[in-house]
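In what follows, a structure is listed as structure tokens, so that the remarks can point back to it.
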Amino acid sequence: MQKKFITLLLALLGFSMVIEAKSINTYGFTIGAGQTREFYIYMNTTLDNLVSFQIDLIMPEGLKVNVDQCTLPARVKDKEQMLFVGKLDGNKYRFVSTSYSLTALSKEDAPLLKVSVTADDDFQGGKVDLVDMFAVSSVGRKVEWISDAFDVATTKVVRGDTNYDSEVTVSDVMTVVNYMLGKETLFSSTYDLDSNNVVDIVDVMTCSNLLLESIKVDD
């Protein structure tokens, strides 16, 4: 009886450790047909330094991962960190990172992985499935998570609409400014209004002009 109790207690302790460490958060987003944007997968808590993780993402039809544009965020401390991204069967992508450490956090979301995606011209929206994720800490513990999922919505493409609300407002201009200044860290092709692969003052001025034109139309 005592042995069974000890076994049960150890099992419960192990389960609680997994629950404490299980802190992966994902959030849905909106994208226009033919557009590119980035999103984060977040991790709240690491009990010890994280030395490796693997995440599989199953993308909806018409949404592809830009393998060469996916990165580990600035939260990573190890200069030798590496991220490997590959496409598996169907529209499934695997992200594997090795040789790095994270600053342990317990209260707020922190980016674990930055993913870049592009929608086809006929993309109709859908669901992204996060499956088969595991992480390994510096003391060798392996923590597994159940699958997660989040929605990707589509919107009509309006030039100058950087926040996907189907209209051009002051908020859109500020979004471009913030990305240019580094205050916004997730790229969207909606910011690059002159399509030269650089977000700069020209894009800010272009967005401002589009805002003024929309105001005149409303008048």
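Coordinate-derived values only; no laboratory data. Bear in mind that the values here come from a model prediction, so they are computed numbers and not experimental data.
Under a 5 Å amide H cut-off, with hydrogens placed 1.01 Å from N, L113 pairs with I41 among residues at least 5 apart or on other chains.
For a 24 Å ceiling on Cα separation, which of these pairs sit above it: K64/K183; K87/K156; K87/K114; K79/K114? Distance filter (> 24 Å) returns K64/K183; K87/K156. The length gained on full extension between K87 and V131, counted as 0.36 nm times the residue separation minus their Cα-Cα distance, comes to 14.4 nm.
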